[in-house]
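Read-outs throughout are calculated quantities, based only on the coordinates presented, and are distinct from any laboratory measurement. As the structure is a computational prediction, the values presented were derived from the model and not from experiment. Because the Cβ atoms are built from the backbone with ideal geometry, glycine has one as well, and the counts that use them run over all protein chains shown.
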């Protein structure tokens with residue numbers, strides 16, 4: 001099985017999606033200081049790589065709205 005690994009760091013949260021041999025599934029886990037004292041939380045499981053990529057993106061906000069000025073900010077992508 002090839003290595004599959006996605007990692008995104010957003011607002012002190014580390015969002016990690018990978019193939020986990022111990023459960024024979026792809027999983028997304030999140031670490032954030034506001035939850036479970038910085039322990040890893042497995043938030044979703046997937047059966048295949050395509051679904052895992054889509055699932056990883058689900059945990060990243062695509063846009064946020066600033067309610068003080070009613071402005072919507074879209075996520076920017078960087079290489």
Along the Cα→Cβ direction, 7 angstrom out, place labels at residue 68 and residue 42. What is the inter-label distance in nm?
4.1
Ratio for the range 5-74, C-alpha Rg to 2.2 N^0.38 Å, reads 1.27
Using a Gaussian network model of the chain with C-alpha springs under 10 Å, which one of 37, 65, 25 is most mobile by mean-square fluctuation?
65
Rounded to one decimal in nm, the spacing of the 7 Å Cα→Cβ label points at residue 49 and residue 6 is 1.3
